[in-house]
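**Q** Submitted below is the structure of interest, expressed as structure tokens.
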Amino acid sequence: MEEKALLVDHYHKTYDLTFSVWESRNMTLLILLAVVGFSTLLTFNVSEAQPLLVDIIAKLCGITDSARIAELRRSFPYGIIQSIFVIIVFYLMLNLYQKTRFIRRSYLYLSGVERDIRATLNLGAHNVSFTREGEFYDKSQSIAGVMTGVSYILILGLLLMSFLGMRLCTDWQTHQFTIFGADLTLTLGITFFYISYACVSLKNKLSSST
């Protein structure tokens, strides 16, 4: 009896950890979309984006003098800041991939633990107890859920291509070859982790819908 209780308790603790990482992953995705979206506006020199960035930095630094803010808007190193955004995007993309991979592996593990629990408790095939993350989830997965995940992947991919493509073109056209090299290296890393994230996410979605 104690062995059964330990097994069920382990299942619940594993699920709680997985759910916590799942919530954190979703927040990371939203932050990444926001950062890439703003970075794209900044890279394409949208007239409102650059002054907004200066205003945010001025507020964070406690600068209130209008003349000083106007000077910052004229002399602010937007190119360097955009390269910093590339570094931030790389970190967030790596973090998103790691969390998604952890969630994928955890749900596969939970599905296996559910089978162990059902065998230990001698639950028959007609009983749905302890099938939530395995058999029950696979059977109840809808096409709408699959399309939602695919949509997020496509939106993120389009924003990344727009931002990183324009960033590299700007570096090359302005002859900032050192920055171009750094941005290119980071772009390759971001692309690798984006493709890895997309593959893990799609594998999970498609395998659950079949």
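**Q** Tell me, yes or no, whether the range 168-186 has at least one residue that is within 22 Å of R101 (Cβ to Cβ) and out of contact with any strand residue (DSSP E or B) (no Cβ under 6 Å at 6 or more places or on another chain). Step through it out loud before you land on a result.
**A** Of all residues in the range 168-186, those within 22 Å of R101 (Cβ to Cβ) come to 186.
Filter again for out of contact with any strand residue (DSSP E or B) (no Cβ under 6 Å at 6 or more places or on another chain), leaving 186.
Checked against the condition, which is being within 22 Å of R101 (Cβ to Cβ) and out of contact with any strand residue (DSSP E or B) (no Cβ under 6 Å at 6 or more places or on another chain), the range 168-186 yields at least one hit.
**Q** May I ask you to verify whether R105 is closer than 19 Å to I80 by Cα and at pLDDT 85 or above?
**A** Values: closer than 19 Å to I80 by Cα: no; at pLDDT 85 or above: yes.
Judged against the criteria, R105 is not a match.
Results for (1) under 16 Å from the mean Cα position of the chain (by Cα); (2) part of a helix (DSSP H, G or I); (3) closer than 30 Å to L110 by Cβ; (4) at pLDDT 90 or above, shown as yes or no for each residue.
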residue	(1), (2), (3), (4)
T14	no, yes, yes, yes
L17	no, yes, yes, yes
N26	yes, yes, yes, yes
L52	no, yes, no, no
L72	no, yes, no, no
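**Q** Considering only residues of the range 151-171 that are farther than 12 Å from L184 by Cα and free of Cβ contacts under 8 Å to residues at least 12 places away in the same chain, which is most open to solvent (accessible area, probe 1.4 Å)?
**A** Taking the candidates together, the pick is M161.
**Q** Let me ask another. Does F192 qualify as being part of a helix (DSSP H, G or I), buried (at least 17 other Cβ atoms within 10 Å of the Cβ) and at negative phi?
**A** Working: part of a helix (DSSP H, G or I): yes; buried (at least 17 other Cβ atoms within 10 Å of the Cβ): no; at negative phi: yes.
Considered against the rule, which asks whether it is part of a helix (DSSP H, G or I), buried (at least 17 other Cβ atoms within 10 Å of the Cβ) and at negative phi, F192 comes out as no.
**Q** Among the residues of the range 91-107, which ones are open to solvent by 60 Å² or more (accessible area, probe 1.4 Å) and not hydroxyl-bearing (S, T, Y)? Before you say what the answer is, go through the steps one by one.
**A** Step one: list which residues in the range 91-107 are open to solvent by 60 Å² or more (accessible area, probe 1.4 Å), which gives 91, 98, 101-102, 105.
If the condition is that a residue be open to solvent by 60 Å² or more (accessible area, probe 1.4 Å) and not hydroxyl-bearing (S, T, Y), then Q98, R101, F102, R105 are the ones that fit.
**Q** Taking L206, is it assigned to a helix (DSSP H, G or I), open to solvent by 40 Å² or more (accessible area, probe 1.4 Å) and either modelled with pLDDT of 90 or more or at positive phi (or both)?
**A** In short, no.
**Q** In the range 115-144, which residue that is touching a Gly at 6+ places or on another chain (Cβ under 9 Å) and over 16 Å from F19 (Cα atoms) is surrounded by the most Cβ atoms within 10 Å (Cβ to Cβ)?
**A** Top of the filtered list is R118.
**Q** In the range 74-119, what residues are out of contact with any helix residue (DSSP H, G or I) (no Cβ under 6 Å at 6 or more places or on another chain) and not in a helix (DSSP H, G or I)?
**A** Of everything in the range 74-119, just one residue is out of contact with any helix residue (DSSP H, G or I) (no Cβ under 6 Å at 6 or more places or on another chain) and not in a helix (DSSP H, G or I), namely P77.
**Q** May I ask you to list the residues in the range 127-154 that are over 30 Å from L32 (Cβ atoms) and modelled with pLDDT under 75?
**A** Of all residues in the range 127-154, those over 30 Å from L32 (Cβ atoms) come to 127-131, 135-136, 139.
Of everything in the range 127-154, those that are over 30 Å from L32 (Cβ atoms) and modelled with pLDDT under 75 turn out to be V128, T131, E135, F136, K139.
The values are calculated or read from the model by the stated rules, or taken from the named source; none is laboratory data. The structure presented is a predicted model; accordingly, all values stated were derived computationally and were not measured. Counting neighbours? That spans all protein chains shown, and the Cβs are built from the backbone with ideal geometry, glycine included. Calculation scope for accessible area: heavy atoms of the full protein, side chains included, ligands and nucleic acids excluded. Shrake-Rupley method; radii C 1.70, N 1.55, O 1.52, S 1.80 Å.
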